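Just below is one structure, and these are the notes that go with it.
The values are calculated or read from the model by the stated rules, or taken from the named source; none is laboratory data. Remember, it's a predicted structure, so these values are computed and weren't measured experimentally. Each accessible area value is taken on the protein alone, full model and side chains, heavy atoms only, with ligands, DNA and RNA left out. Shrake-Rupley method; radii C 1.70, N 1.55, O 1.52, S 1.80 Å.
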Amino acid sequence: GGAAGGGDADAVAVVSKSFVDVRMSEVNGFELIKTTVVIPFNINSESSGGMKFSAVGALEMTYPCGTGERAHASAELAATVPDALDVKALVVSATYTCGDITADQPRWAVSGETSVGVVVAGVTLSPFTFAAMAYETATGDTQLAGVVSGTAQAAAGGAGHLTVASSFAFDTRDGSWKAAVNVGFDSSNLNATLAMSSGTECTETGTTLSGDISINFGETFASNINGRASGIKRCGEHAKALGLYKLDAALADSKIILGDTAVIKLTRVEASLASNAAGAAAATGFSDLDWKATFNAVVALQLLGTDDGDALAGSVDLTATLDFTIVDGAPVFGSLAVGGAFSYKGDVLEVDGTVALAVPCQAGGNMIDGRVAVEFKGSAMTVIGGYADLKYGCSGNGAGAGAGAGGGLSLVGGAQEIAVSGLPVSLVDVAFTIAFHDHSMATFAGSVSATVDLARLVSSGQLPADFNGKQGAAQAGGGGRTPFV
């Protein structure tokens, strides 16, 4: 496909690719599970004064990407500001927002850091950080606004050195390059040190800011989560209508320990924070504002307590989200929602579906709970319409713990019908229970109960033609079926 962001696809070395996950069964044929696409892009932005920025890379996303959802990319950045900045091949990460967005929302967020010294306005900054947001204009152009910052070393007499933080804000919309001011905010749950332009012009898109942030999520996590944030500070009527601040933060990897049952590892941790519009005109600091925020991350699940290893067998594609507010300085946290797709393909059993994790995990409940499609492989049975509830208890995670709330890993479900190859018999109204011996899901024990459809035995001649009419009424209530376990 073409390049995203208005760039030149021919200038990108990455080739567009698509990866499609499908499932094939005798009953349903091919089923599309997930499509992943890799798209080359080149973000180009420049101003009339010779300021130029270019980010070239590859964007990976799950298709379709819904409105407001984000896709991630890696890229190389080149930046030129006459007599002030010349950067080549800085490795950066980029986030793309899918779907329709408003004029004040950036399409891209780009950030990167290097320990190699970079000369900025005649001063070497090390480490050097770059953070910017790319906006789409009505004419299809891309404009970039952001902040570069770092630390300069200066002699302080004798053998000592003086460390000086330095930041500059840029904006290709007006070609501005200005010294930035550092502003610090401290509160019990939200702390930040942000650099922003020293300009006073008030626009709809606001003043770009960037810096360090720390968020305290209360009892959800063991400690604060630190990271880098970029966003905008609005002013005037725009602040009254939309809120004073809008921040997007990339936070450090973290984890949640669920007693002796499991560990949830969090990567690609992101948070979006917005100050409420009410009172924005009067309030200036974080501690004076009310906030609404959303936290999300990619989840890796590790189950504890058995000898077969920590990982749950199969493919687990989970995400975590948490909505919270800070009102009058006091945080109010919603429930941490963890869920996503689960797929296991073994020699005997195939399982595909969605699962949810209960965090925190209450004693007697289930930590993993989901509805999945079930198919038995390599056997004489053909399962039609197989389904089950996949469960993993909060307290019982060892072999033989049993199925149900509080027990080990299990499947409890049924099927519309099971046909047995080579036999003129059909099992209907099927119910089964499977308890796995360990997390590998390779071995298990269980039971199946079903009803035998006697009509097939009659039609095959294995039972008398009048069996269904004469004996069926007495043995199976006239329905031609009799219980079979």
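Points worth noting:
- Amide hydrogen neighbours beyond the local backbone of L244, cut-off 5 Å, H modeled: S275
- Close amide H partners of R173, meaning residues 5 or more places away or on another chain with modelled amide H under 5 Å apart, are L144.
- Amide H within-cut-off set for A180, under 5 Å, with H built and near neighbours excluded: S167, F168, A169
- ³J(HN,Hα) computed for each position of the stretch 84-89 - Karplus, 6.51 cos²θ - 1.76 cosθ + 1.60, integer Hz, glycine/proline x: 9, 8, 8, 10, 10, 6
- Accessible carbon and sulfur surface of the stretch 41-178 relative to its total accessible area, %, 1.4 Å: 52
- Computed 3J(HN,Hα) for the stretch 52-61, one whole-Hz value per residue from the Karplus formula 6.51 cos²θ - 1.76 cosθ + 1.60 where θ = phi - 60°, is 9, 9, 8, 10, 10, x, 10, 9, 10, 9, glycine and proline marked x.
- Per-residue SASA entry for R173, accessible area with 1.4 Å probe, Å² rounded to 10: 90
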